[in-house]
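Novice: Handing you a structure now.
The values are calculated or read from the model by the stated rules, or taken from the named source; none is laboratory data. Every value quoted in this text rests on a predicted model; they were computed, and no experiment measured them. Neighbour counts run over all protein chains shown; Cβ positions are idealised from the backbone, glycine included. Note: areas computed on protein heavy atoms with side chains; ligands, DNA, RNA excluded. Shrake-Rupley method; radii C 1.70, N 1.55, O 1.52, S 1.80 Å.
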Amino acid sequence: MSRKKATSSDVARRAGVSQATVSMVLNKKYNVSFSREVIRKVEEAAQELGYELPKRRTRKEGRREKLLVVFCPTLTNPYYVMLLQGIESRATEQGYGLFVCNTQRSLELEERYLKMLLSLNPQGVVYTCNPSRCYMEMVEELSRKIPFAVINNQNEKLDVDAVELDNSKLGRIMARHLLDLGHRDVAYIAPPLTVRQKQRSKRVEGFQKEFQEAGLGDHVVIKAANESIDKDIPGIDSEYRIGYDLTRELLSEHQELTAIVGLNDMIAFGILDALHDEKYKVPGDMSVMGCDNTLFAKMKKVSLTTIEHFVIYKGRDACDIIMKKIKTHDRRYSDMEPVSIYHVEYEPRLVIRGTTSYPRQ
């Protein structure tokens, strides 16, 4: 007959101490103090009885938390909050948690987070900002190990899965609405139009082209913020201030304007407040447009004319792409895994509200 294995209760009885004391002494819990005599008694009793500490259970090899990493350039614009809402709603449905990397449009932070990815061991990555061109090679290499989905706003074909947005089309829709109303002299306010933020330039170019094709190309004033703004950490009102400050400048420089467009809704809110402070009536004296159809644009006192391009759906689609990739990897039908690139695109729509009308006579 095999000898019965000693337990911590046996050691406790032999040493004349509690079972908890045995556990703490043998596990060397140094945050609790015991006399040398107690420690000696416990150790001797354990040795005499041949007691061994039970081995700790370890996680099964290969098991990992269901985690998605999301790269975001800023959380000060409701557009990105809407994207995150779409991603999180779908991720939660599938039992995934999110780890959000706010790059604050900083190349150094973007690189740092990219280098952290493998140690985080996520099952997928969603880029809500366009990866910088200088890191695209790194992104493409990582996408061979981890499913990636980019919400691509630059009108460029990437070698990774993407939810697309044709920014030039957005600009054209905005311009066509104003042209149909009869506006001839208009201005477009934008953040810095840098090479890195190419999606901004695409939106502006689309707007300009529509006016050029109507023979009114020289009737469009483009007012872009200074490049230095992108080097600062975005403040909660950064884009609003761009709209407000540049509108004040425009009003002093161009008396002929009948409409001002903001590259996004946040800039348009700044435009509206600047016009209010300068005693302009909207849309009687000046029409105003934004883009993104954020929550505040729908408020009755704002009632902003804008462009809907289904931001929350894009977040959900990016998450769906990740889920498809994970399932493809987990359920192979052959020894060879297929290479598939997903591209999803929505058709943007004009949302006409109370800030645009016919130009003043």
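Novice: Set the Förster radius R0 to 22 Å, insert the Cβ-Cβ distance between Q212 and D180 as r into 1/(1 + (r/R0)^6), and round the FRET efficiency to 0.05. Mind dumping the intermediate values first?
Specialist: Working: r = 16 Å, r/R0 = 0.74.
Efficiency for this residue pair is about 0.85.
Novice: Before I look further, what does the chain give for accessible area per residue, probe 1.4 Å, in whole square angstrom? Present the calculation step by step, with values, prior to reporting the outcome.
Specialist: Values: 19840 Å² over 361 residues.
Solvent-accessible surface per residue comes out at 55 Å².
Novice: Carbon and sulfur atoms: what percent of the 1.4 Å accessible area of the chain do they account for? Don't skip to the answer; put the middle values down first.
Specialist: Details: 9700 of 19840 Å².
The nonpolar share, carbon plus sulfur, comes to 49 percent.
Novice: Let me ask you something else. Just one of (1) 5, 20, 20, 11, 11, 13, 11, 7, 2, 0, 0; (2) 5, 25, 34, 23, 11, 3, 0; (3) 5, 20, 23, 15, 11, 9, 6, 5, 4, 1, 0 is P(r) over Cα pairs in 10 Å bins from 0, in percent calculated from these coordinates, so which is it?
Specialist: (3)
Novice: Here's a follow-up. So what is the relative contact order for the chain, in percent, with contacts set as C-alpha pairs under 8 Å and at least six apart?
Specialist: On the way: 612 pairs, mean separation 61.5, N = 361.
Relative contact order, the chain: 17 percent.
Novice: Run lengths n ≥ 4 of DSSP H only: what is the helix-derived mean residue ellipticity at 222 nm for the chain, with -39500 (n - 2.57) per run over all residues, to the nearest 500?
Specialist: Numbers: 11 runs with 148 residues, N = 361.
-13000 deg cm²/dmol, from helical runs alone.
Novice: Also, quick follow-up: For the chain, give me the percentage of DSSP beta bridges that are antiparallel, rounded to the nearest 5 percent. Working shown, then result.
Specialist: Details: 3 of 36 bridges.
Once the DSSP bridges in the chain are tallied, antiparallel ones form about 10 percent.
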